[in-house]
Each structure stands twice: as C-alpha cells, then as structure tokens.
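Remarks on the structure that follows.
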Amino acid sequence: MAPVPASPPLTPLVTERLVLRPVRTRDLPAVTRLWTDPEVRRHLGGPVVESVIRIRRERIVGAPGCHAVERVADGAVLGLVTVARAGRDGETEVSYQFLPEHWGQGYAREAVAAAVDHALAETPSVVAVTQEANVRSRRLLEAVGMTHAESFVEWDAHQVLYRRRRTS
C-alpha cells in the first residue's frame, strides 16, 4: 500500500462520547488488532502480514491525519479514523476501521461524521471508498451525508466511492 499524504495534525476532535486524537504508543495493541482481526479486515484485503505491521507500528504514532478514536467514558481505543488531504485523485479522503466489539453502537458514525465535518471546513469535498459488499460501511457513509458518486473494480473487488461536498 502506497503511503497517502495525511492532513496536518489536529487538536483533538471531541464529540458527545468520543475524542479523536493522534495515535499514541499505548494505542499500538488496539491498532495492531485492527490490522490483524479477520472481521475488521474482511473488506480490507485480509489481515496484514507481520513485516508490514512492524513498519506501520513505527509510522503511525503521532502521524498527521491518523486519529485514535477514544471513548470518553473509559479511555478505551475503539478504532482509527484517518483524514488524508491529497487522498484519492487529490481529494481529501476519510477512512476508518473499528474493533468488532464496538460495532453497532454508533461510535463509527459519530467519529466519521466529526472528521468529515471538520475536514469540510477546510476543503470543498471529502471522499471515502468501501467495497460494494460492505453494506454496513455504505450505510455509515450515507448516514454522515455522503452520496454514492462512482463504482469501479480495484483490488479484485467491486468498490464504491462516496462524496460529500461543502455546502455554503
């Protein structure tokens, strides 16, 4: 996977239940689970190999645009949200992954909505790509106001690109 230019570091984004903040060393066990859990990786090309994990672990701590999603109530790291400034075709791109035990509770929707809203204050549009088969992810993107913009095949799978434009 080629490195994607990320956004400059942000002050933490705070929602009702979450804080999106730079990744810290203490987050690495949860982040590593995101890269290796078969359920998380079902629509992301499968678990990441150990040699790639070692490189990612060295690069993710404090990386601009990479946000650990922490639950305010207990400090648990639930997932990651990344905002890449010059992402797909030069547009700002949001991506996300959450640990399965936190699925279905609205955390991903809350975190992604905060990241998209914040990005749209500085850029005219935000895109996100997910596999066509990933119905949960597609519903999440629609719930945060993104609309289906195009379909294509990449990584031997049908993909969909969603976009939300700044209004005003």
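The values are calculated or read from the model by the stated rules, or taken from the named source; none is laboratory data. Since the structure is predicted, the reported quantities are computational estimates derived from the model, not experimental observations. Glycine also receives a Cβ, built like all others from the backbone with ideal geometry; neighbour counts cover every protein chain displayed. What goes into the accessible areas is simple: the full protein's heavy atoms, side chains included, and nothing from ligands, DNA or RNA. Shrake-Rupley method; radii C 1.70, N 1.55, O 1.52, S 1.80 Å.
Give the long-range amide H neighbours of Leu18: residues separated by 5 or more places, or on another chain, with amide H under 5 Å away, using H modelled in the peptide plane at 1.01 Å from N.
Val72
Could you give the accessible area per residue of the chain, probe 1.4 Å, as a whole number in Å²?
Here the per-residue accessible area is 53 Å².
So, in Å, what gap is there between the alpha-carbon centers of the range 40-80 and the range 126-163?
So the separation of the two Cα centres works out to 20 Å.
Sorted by packing (mean other beta-carbon atoms within 10 Å per residue), highest first, where do 92-99, 36-43 land? All intermediate terms of the calculation are to be shown ahead of the outcome.
Numbers: 92-99: 22.4, 36-43: 14.2.
So the peptides 92-99, 36-43, ranked by packing, come out 92-99, 36-43.
How high is the relative contact order of the range 60-141, in percent, counting Cα pairs under 8 Å that sit 6 or more residues apart?
Working: 98 pairs, mean separation 17.9, N = 82.
In percent, rounded to a whole number, it is 22.
Explain nothing, just the number: relative contact order of the range 10-99, from Cα pairs under 8 Å at least 6 residues apart, as a whole percent.
Values: 142 pairs, mean separation 26.6, N = 90.
Dividing the mean separation by the residue count of the range 10-99 yields 30 percent.
Give me the percent relative contact order of the chain, please, defined on Cα pairs under 8 angstrom at least 6 residues apart. All intermediate terms of the calculation are to be shown ahead of the outcome.
Values: 297 pairs, mean separation 33.7, N = 168.
Contact order relative to length: 20 percent.
Plugging the Kirkwood radius over Cα pairs into Stokes-Einstein for the chain, at a temperature of 4 °C and a viscosity of 1.567 mPa s, what D comes out in µm²/s? Before the final figure, lay out each step's value.
On the way: Rh = 16.1 Å.
Translational D for this selection: 81 µm²/s.
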